[in-house]
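Report on the structure given below.
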Amino acid sequence: MAKQSEGAPPPGIAQQWPMLLMIKLGRITMHRFTEALEPYGIRPRHVAALIELRDNGELSQQSLCGHLHLDPTNLVAILNELEERGYAKRRRDPEDRRRHLVEVTNKGLTVIDKVSEVMDGVEEELLAGLEPAEREALEGALTSIWEVSGGYEAWSQVADQPEETAA
């Protein structure tokens, strides 16, 4: 299993509820990714939006909301920030003037490449204590938990709620 101080018990909360460690690890992970992306003036949520646009091509704002499982108001804020930095652009749909189409720009594609290396580095740092087989097992376990918990459907119900501070 993962390397832990010999003979040391798991952290206090994990002795009774190991799953609560995921909350703490999620916050640590988000903090480290956010910190690593700071020099690029971008946050994890920006990267997620840019990657969806890169991978799917031009999308309507509504469709991008669905891909990211975000509330439309939150997506508008993200897109405003991306447009200000020149990473994405919006335009009216010529077939339906009520809709906006969004696409990643060349500058956005360049920043994805740059931050991908940074994010790979953070992930490598976080998983450094695991052997390749342990990483594969972790990925499988997390994927199983994700699916059992309801996956994207469950995520879309809680994604826009404020983070709890209890854990």
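Bear in mind that the values in this text are calculations on the coordinates, not laboratory data. Keep in mind that what you see is a predicted model, and the values were worked out from it rather than measured. We place every Cβ from the backbone using ideal geometry, glycine too, and count neighbours over all the protein chains shown.
The figures follow:
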| item | result |
| --- | --- |
| Whether region 80-155 is rounded, prolate or oblate, judged on the alpha carbon gyration tensor where a/c under 1.5 counts as rounded | oblate |
| Order by protection proxy (mean Cβ within 10 Å, highest first), peptides 47-57, 91-101, 26-36 | 47-57, 26-36, 91-101 |
| Spin-label zone in region 134-152 - amide nitrogen under 20 Å from a point set 7 Å from the Cα of ILE23 along the C-beta vector | 142, 145-151 |
| Candidate values (i) 99, 34, 28; (ii) 65, 31, 28; (iii) 48, 35, 28, label of the one derived for Cα extents along the principal axes in Å | (ii) |
| Label-point separation in nm, ALA141 to ARG92, each point 7 Å along Cα→Cβ | 5.4 nm |
| Computed [θ] at 222 nm, helices only, for the chain once each DSSP H run of length n ≥ 4 contributes -39500 (n - 2.57) | -20000 deg cm²/dmol |
